[in-house]
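To keep things clear, I will list the structure first and then write my remarks on it.
The values are calculated or read from the model by the stated rules, or taken from the named source; none is laboratory data. Values in this document were obtained by computation on a predicted structure and should not be read as measured data. All Cβ positions, glycine included, derive from the backbone under ideal geometry; neighbour counts span all protein chains shown. Side chains included, ligands, DNA and RNA excluded: accessible areas come from the protein's heavy atoms. Shrake-Rupley method; radii C 1.70, N 1.55, O 1.52, S 1.80 Å.
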Amino acid sequence: MVRMILFNLIQVAVVMFLSPLAVGILNRFKERVAGKKGPSIFQTYRDIWKLFHKDQILSSESTWIFRATPYVCFAAPILVTMLIPVLTSYPLFFAFMGDMIGGGFVLALGGFFATIAAVDSANPYGAMGASRTRMVGFLAEPVFMVVFFTVCFVANSTIPYIVQQKWVHPESNFFNPAHILVAVAFFMLILAETGKIPVDNPSGHFELAMIDESKSLEYSGSGAALMKWAGSMKFFVLLCIFLNVLIAPWGLASGTALGDVLLAIPLIFIKVLGAVILIVMVESSLAKLRLFRITAFLGLAFVVAVAAVLTRMMTT
Amino acid sequence: MVWAILILPLVAIAITAAGAPLGLAGWISVLAALADVVIAGILAGEASHGRAVIAIPHWVGVDAFGSLILLLETFGALTALLFSIGFLSQLSTPADRKRRYFIWFNLFLTALYAVPMLREIALVWLALTLTTLFSVFLVSFERTPAALEAGWKYAILTTLGAAIAILGVLLLYWAESRAGFTAFTWRQLAASAPKLSPAIVSIAFLLILIGFGTKAALIPFHAWLPDTYSRAPFPICAMLSILESAAIPYVLLHLAATIRLAPGARVDQWLIFFGLVSAGGAALLIIQTHEYKRLFAYSTIENTGIILTAGAMTSTAAHHAAIWQIISHSFTKPLVFYAAGIMFMLVGKLRISEVRGVLSRSPWIGSVMMAAGLAIAGAPPFAIFLSELAILKAGLAGPQMWAAVLLSSFMIISFCAITYHLFRMVLGSADANDTAADAPPVTIPRSCIIALTVAAIPVVVLGCYVPAPLAHWLAAATASLGSGRP
Amino acid sequence: MTPDKVAWIHELILLVAGFFLLCSFGLIAASQVMGCLRVYVIQSLLLAASAVLLGIDYHSADLWIVAAIAIVAKAVLIPFLLRRTARHDMIARRELQQAISVPMSLLIALALTVLAYYIVDPMMDHTSRSVHANLPIGFAAVLIAIYTITVRREALPQMLSLLAIENGAFFAGIAIAPNFPLIGELAAAFDVLMVVLTLGVLSTQIHRLSGSTEVGTLSELMED
């Protein structure tokens, strides 16, 4: 049992310390594809380090919500990490604390705090970004629901550790349309939720066009560092759910020895790299959508998710 | 021999495409059509003994019903081509486009003739689809924006119908192959009929009915029809009418005769439903229409509806009457369009409200229009009167009396509506402020008058009596339709 | 074939069916003419892929020929013919207008998919798994494409939806009638090419005469 708790802690550490690297690699790849040199892949670590050593400035208009939000945002992905398979294909100590829906709630809590903090800061751009995030969020919500619904329908369970095994036993299940379509829909959701092109431009610096970034404009110092770190962790966690739960549990440790689990770390990181390359390809080949075309994008994601259920229903 | 029917139009195309002058191109087409009529007559003589004339087993051949349709098509083509020569001479379109008109017309004819001649059902579908594609440029011949729009609607909607029908054809083949048969011919389908799965063939037939019904402009699917008819040249309207009320009912009734043998298959219900809706809806549309071309187009829908309803009734007499109605309508409708075409040459207007006192401006055109209009409305002593009477008689004697009662009321409505519009156009005096009335008298091309005369012969003859060989032949055609009725 | 291999083939057939359905949705959602064309080509390739897989499943070499016909006619010849007949500015990059907005259309398409399932349900007893995959989805593709024709306002997207109906019909067809006479398949391919040629030329004429191909806004001939 102690070993399980240890593994859980390793898992959390992996998410905390590798996620800025994944974001750094993503940014560098994107610049390279665009023909530029790009920042170092360790730039995100440097940013976070630098911000921790700066003073924090708080608006006198803001309340405790503004101050508490970085911690809530930071804690949410860590909690979710304990629920999902990051390194092992068998459930760890905290795995039964909550299922996929629970994990979704915890992530949504972080998002909720970020939103009201943006309003709390009394910065006009904050409120605008918050309302846009909510728009994307409430369009994404039905897609999330249908994806979970499909997963439950196929796997008869919402515990991620059980779901992931369904897709590969027997191996031909991997090509089940419900599986592939759910994966496609969830990938579209990741793009929308983490503010990637075509929904949002993460590298844009024009406040009026921002969706996700404008919420944390008012943060400085350690608050900004935590928000940045939390953002990269959320990205990493979503990728882990996508890769390990919805695609396939390949590369996860199935043995309980410490060596197995440590070996899984580079394997997982390679998988994440693959997903990062995919995202770079998508981001580089598409243009950002107009705000009101986002409905069409998420509508398409919704249709893909429902098509997953339908093909499942029709063919059994 | 059978082949010649398909080859002659192609020969005409070849000669036209090789650079024959316009006059030659037209008359070559007419000659080919005339030869086709003769051949179709000979084929009909052979087939009327009740045996199918087979050119290639399983592929090409005509039975009694098919030979009848073929004769109607070739005869319609002959008069339509004759009329086209005169009609085109009135237009100012470049000679090159007029020559292309004959090429498309002959292509259309080849596809149209192929429908009753092909035995393989998938190929029948292809032939019907090609009739649309080859007639698109005939419909949009005038190349005005309105004509192109009409052509586009016509092409999109009827091709849509064909695409729905192919799904039905595939389902039908599925049912047949599950019953253990492989060749997809009329004969094999009939042989497999008692073993067909009713659930599948019912949906297959419904899809085919909707698909081809869109092509035949049955009422809920008739959106393309008013525009197409009001923009297409008059001879094309005549040919489209034959396509809709002869060739397509041929396919549908042939299929129905086979599929209803599958126990529990719903075929006649669908046919009667769409037939009655079409006949009734068209009768109402006739009342409110504003253009005389559309008026006659709606009358085509009405007749198709009547034919389908009668063909689905449970008695041999009704089937007999349905085929008779096909004959009389396919002879009468071209005549009406030619009369209307000549009237158009006189007045130059399409709207009913703008046409007044035709009789006073040209007594002979007025009386021809009047006679043709009364013939299509179903007045004695013309062919349609007799065949409609036969349908009502057979229907009232059979179990679907209610359908016959409905049909009779629709016939009366459409009769009144057609004669009302007709009288408004033909009778009365020409408007005083209508400058066209003072215009120099128009000369009607001679070929148009020949076409009108030729087309009038069967209408008048069949209105008076049915020749003995024709009656014999009708019986044979009916037998090839309803032979398997339990 | 080993049972394991059969299971693989079946899953792949299902997967292709799923993507085929997605292409039908894509045809509604595509916002440019080129996008519609691309979706149509992908859908045709999926049709061919399904035919190949079903050919293995049913041990029918005919279906491989069907796949070859589909690839040659629909994935190669149709884009080629369209570029030849339709003028360049018609397939240029510009956003298309629709009668009903994309998200709403997508929801309607979903409802049509469910409807298709209910239509085919009575036909599905004692049928193979492949039929279970292809028949409802072929039906759904047909219904969705019919709907697409009614909401699209421009000539080429309307025509591509028309071709998509035929795709849907044959997607169902290859599963339910694998022995369908080859002459029928050839007839359909020929028909499709004729449709493209005729409508391509017609839309060019419309474009030349009226300067736009928004056939949906042509309304000169409404019955008054």
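Before moving on, here are some points about what is shown:
- When the charge dipole of segment B:121-482 is built from unit charges on Cβ atoms (+1 for Lys and Arg, -1 for Asp and Glu) and taken about the Cα centre, the candidate among B:Val251, B:Ile418, B:Val368 whose Cα reaches farthest toward its positive end is B:Val251.
- Taken as Cα centroids, segment C:88-161 and segment B:219-273 sit 25 Å apart, rounded to the nearest whole angstrom.
- Average partner coverage of A:191-203, which counts Cβ from other chains inside 10 Å: 0
- Take each residue of peptide B:168-178, count the partner chain Cβ atoms within 10 Å of its Cβ, and average: the result is 6.
- Charged side chains reduced to their Cβ positions (Lys and Arg at +1, Asp and Glu at -1) give chain B a dipole of some 260 debye around its Cα centre.
- Lys-Lys pairs in chain B that are eight or more residues apart or on separate chains and whose Cα atoms lie under 25 Å of each other come to 14.
- Farthest towards the positive end of the charge dipole of segment C:3-212, among the residues C:Ile78, C:His10, C:Tyr58, is the Cα of C:Ile78, using unit charges on the Cβ of Lys, Arg, Asp and Glu.
- Taking the Cα centre of the protein assembly as shown as reference, the dipole from Cβ charges on Lys and Arg (+1) and Asp and Glu (-1) amounts to some 1160 debye.
- Whole-percent carbon and sulfur share, accessible surface of chain C, 1.4 Å: 66
- For chain C, with +1 on Lys and Arg beta carbons and -1 on Asp and Glu, the positive-most of C:Ala48, C:Pro181, C:Phe170 along the dipole: C:Ala48
- Hz values of 3J(HN,Hα) by residue in segment A:162-179 - Karplus curve (6.51, -1.76, 1.60), Gly and Pro given as x: 7, 4, 4, 6, 4, 5, 10, 10, x, 4, 5, 4, 4, 8, 4, x, 4, 5
- Inter-part distance where segment A:103-161 and segment B:288-302 are each reduced to a Cα centre, Å: 59
- Within a straight-line Cα-Cα reach of under 18 Å, A:Lys54 can be paired with the following aspartates and glutamates, leaving aside sequence neighbours fewer than 8 residues apart in one chain: A:Glu218.
- Global form of the protein assembly as shown, assessed from the alpha-carbon gyration tensor, a/c cut-off 1.5: prolate
- Annotation: lysines with alpha-carbon distance below 22 angstrom to A:Lys234 (same-chain offsets under eight excluded): A:Lys30, A:Lys50, A:Lys196, A:Lys215, A:Lys271, A:Lys288.
- For A:His169, the solvent-accessible surface computed with a 1.4 Å probe is close to 120 Å², ligands and nucleic acids excluded.
- Gaussian network model of chain C, springs between alpha carbon atoms under 10 Å - residue of C:Leu209, C:Leu106, C:Leu22 with greatest fluctuation: C:Leu209
- Segment C:42-89: C-alpha gyration tensor shape, a/c 1.5 cut-off, then a/b vs b/c: prolate
- Between B:Ala475 and C:Thr2, the modelled labels are 7.1 nm apart [label points 7 Å from Cα along Cα→Cβ].
- The spacing between segment A:8-77 and segment C:25-55, judged by their C-alpha centroids, is 41 Å.
- Phi-based couplings in Hz for segment B:391-402 (Karplus 6.51, -1.76, 1.60; Gly and Pro marked x): 4, 5, 4, 5, x, 5, 7, x, x, 8, 4, 4
- Only protein atoms count toward the accessible area here, which uses a 1.4 Å probe; on segment B:1-56, the carbon and sulfur part of that area reaches 76 percent.
- Put simply, chains C and B cover up around 4300 Å² of each other's accessible surface, both sides summed, when a 1.4 Å probe is used.
- Surface accessible to a 1.4 Å probe, per residue, for the residues of segment B:121-482, Å²: 29
- Note that segment C:3-212 presents 34 Å² accessible area per residue, ligands and nucleic acids not counted, probe 1.4 Å.
- Radius 15 Å from Cβ of B:Ile121, net charge of other residues (Lys, Arg +1; Asp, Glu -1): -3
- Built amide H within the under 5 Å cut-off of B:Ala55, gap 5+: B:Val60, B:Gly61, B:Val62
- Of C:Met124, C:Met34, C:Met159, the one that fluctuates the most in a GNM where chain C has Cα springs shorter than 10 Å: C:Met124
- With R₀ set to 45 Å, the beta-carbon distance separating A:Arg3 from C:Thr127 gives a calculated FRET efficiency near 0.30.
- Global geometry of chain B, whether rounded, prolate or oblate, following the gyration tensor of its Cα atoms and the 1.5 cut on a/c: prolate
- Accessible area buried at the A-C interface, both sides summed, 1.4 Å probe (Å², nearest 100): 2200
- Gaussian network model of chain A, springs between alpha carbon atoms under 10 Å - residue of A:Val163, A:Val282, A:Val106 with greatest fluctuation: A:Val282
- Efficiency of FRET from Cβ geometry, A:Trp250 and B:Asp96, R₀ 45 Å, rounded to 0.05: 0.10
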